[in-house]
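Quick note: the coordinates plus some simple rules give every number you see, no bench work behind them. Just so it is clear, the structure is predicted and the values come from calculations on it, not from any experiment. Don't worry about glycine lacking a Cβ; one is built from the backbone with ideal geometry, like all the others, and counts go over all protein chains shown.
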Amino acid sequence: MSMKNKRILGIDPGTGICGFGVIENSKAIDYGVISTPPHTPLPERLLDIYNSLHEIIKQNQPTVMAIEKLFFKQNITTGISVAEARGVCLLVAKQCNLPIFEYAPNQIKNAICGYGQAHKPQIQEMVRMHLGLKSVPKPDDAADALAVAIVHSFVAKDSVNVL
């Protein structure tokens, strides 16, 4: 399949807020967040993410999923719940027969901004510019998911050219 036909679903995993962004040919097709209520038991939140992501895939028909790898320094409890949400996203992608590609946060920052320690406002502005949007995508998690999708489009183009 040529890159022109690639519809990429980017995911910024999270339990409370899981960002998603769908791009094709350097255009934003859809983006937003899956939000779950804070005091809802984790299994219910994971089920919300599962069902919502299935619906997003059904509506947007992506051909591939790109997802951010986890990186956390301090709160391991939060990291574990985010890892569980990420696992749900991976499960949905496999159930929908989507190839999955994973990118570390510093890889994403480096590819989008040319600097692995870039800050959120820099990333958001580069996402806005790359996709030709009038304003920075909101909320931050949606912009982050679009960034993951953009990075995959760069990598996929490179791998197509190498072959």
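What the table shows:
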read-out: For region 31-113, fraction of C-alpha pairs farther apart than 19 Å, in %; value: 45 percent
read-out: Long-range amide H partners of Asp30 with built H, under 5 Å; value: Val22
read-out: Helix-only mean residue ellipticity at 222 nm for the chain, each DSSP H run of n ≥ 4 adding -39500 (n - 2.57), per residue, nearest 500; value: -17000 deg cm²/dmol
read-out: Built amide H within the under 5 Å cut-off of Asp12, gap 5+; value: Gly19, Phe20, Ala145
read-out: Reference-scaled alpha-carbon Rg (2.2 N^0.38 Å with N residues) for the chain; value: 0.98
read-out: Rg to Rh quotient for region 77-159, alpha carbon positions, Kirkwood Rh; value: 0.99
read-out: GNM result for the chain, Cα springs below 10 Å: residue of Tyr31, Tyr50, Tyr115 fluctuating most strongly; value: Tyr115
read-out: Of the trypsin sites (Lys or Arg not before Pro) in region 23-103, those whose Cβ has at most 11 other Cβ within 10 Å and which sit in DSSP loop; value: Lys73
read-out: Local net charge near Pro37, Cβ-Cβ under 11 Å (Lys/Arg +1, Asp/Glu -1); value: -1
